[in-house]
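The values are calculated or read from the model by the stated rules, or taken from the named source; none is laboratory data. None of the values given here were measured: they were computed from a predicted structure. Cβ: placed from backbone, ideal geometry, glycine included. Neighbour counts: every protein chain shown.
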Amino acid sequence: MAELINQPELLAKATEEIDRVVGKERLVEESDIGSLNYVKACARESFRLHPMSPFNVPHVATQDTTVAGYFIPKGSHAMLSRYGLGRNPKAWADPLRYDPERHLKDGVEVVLTEHDLRFISFSTGRRGCVAALLGTCMTTMLLARLIQCFTWSPPGNARGIDLTEKEDELVLVSPLTATAVPRLAPHLYPTITN
């Protein structure tokens with residue numbers, strides 16, 4: 001959300017897509033996900049640029065091998081840097097820029113998984129996440145509902161949300177805060193009662 005709030009024109013495109021596909025009279029449903037390609041591109045770009053963990057689960061080489069010209073002796077522990085993959089300038093043009101449109105191809109449905117390992121969302125292969133489909137659905141639904149239900153802006157008089165990361169810690173320097181104002185009819189917001 002923070003990346004979208006910092007680029008209001010992208011947030012407006014996602015909001016427009018949701019309003020066109022779903023409207024403002026009901027909430028986004030699972031059956032809408034296939035038609036929310038721009039929203040899925042936003043989620044996919046977030047996975048690329050801001051992975052949920054810095055490294056993939058370590059693997060142990062069961063035999064001597066060579067990968068991309070690097071010799072890996074048997075018994076070595078190998079880890080993939082999720083940050084390194086998703087921000088690799090050899091794989092991504094302008095890799096530090098949040099750009100959901102890099103994932104859009106005419107007529108092709110956006111998926112949140114990445115089988116070419118240019119970034120890692122749910123991993124792949126035998127050790128891939130068994131709940132990748134569930135995670136994809138939940139991520140898309142959550143992002144779509146946050147966009148649909150609220151008008152978002154930076155907090156107070158801030159010009160944007162500070163996404164500066166601490167050096168060598170992979171966490172943000174400042175707390176992540178934003179302002180959300182309801183944009184739908186009140187009856188669409190579920191309430192919790194005892």
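Please verify whether region 84-105 includes one or more residues that are surrounded by 14 or more Cβ atoms within 10 Å (Cβ to Cβ), assigned to a strand (DSSP E or B) and not acidic (Asp, Glu). Within region 84-105, none of the residues are surrounded by 14 or more Cβ atoms within 10 Å (Cβ to Cβ), assigned to a strand (DSSP E or B) and not acidic (Asp, Glu).
Does residue 80 qualify as being in contact with a His (Cβ under 9 Å, 6 or more places away or on another chain), touching a residue at least 40 places away in the same chain (Cβ under 8 Å) and among the aliphatic types (A, V, I, L, M)?
On the way: in contact with a His (Cβ under 9 Å, 6 or more places away or on another chain): yes; touching a residue at least 40 places away in the same chain (Cβ under 8 Å): yes; among the aliphatic types (A, V, I, L, M): yes.
In short, yes.
Only one of the numbered conditions (1) touching a Gly at 6+ places or on another chain (Cβ under 9 Å); (2) free of Cβ contacts under 8 Å to residues at least 24 places away in the same chain is not met by residue 115, and that is (1). So, of the residues in region 76-134 that are more than 25 Å from residue 36 (Cβ to Cβ) and among the basic types (Lys, Arg), which turns out to be modelled with the lowest pLDDT? Here the residue is 127. Reported count of residues in region 27-78, each being within 30 Å of residue 97 (Cβ to Cβ) and part of a strand (DSSP E or B), is 4. The set of residues from region 142-159 being surrounded by fewer than 14 Cβ atoms within 10 Å (Cβ to Cβ) and of a type in the set (Gly, Ala, Ser) comprises just one member, 156.
Sort out which residues of region 176-194 are assigned to a loop (DSSP other than H, G, I, E, B) and more than 19 Å from the chain's Cα centre (by Cα), and write them in order of number. Please lay out each step first, then the result.
Keep residues of region 176-194 that are assigned to a loop (DSSP other than H, G, I, E, B), which gives 176-178, 183-185, 189-194.
Scanning region 176-194 gives 183, 184, 185, 189, 190, 191, 192, 193, 194.
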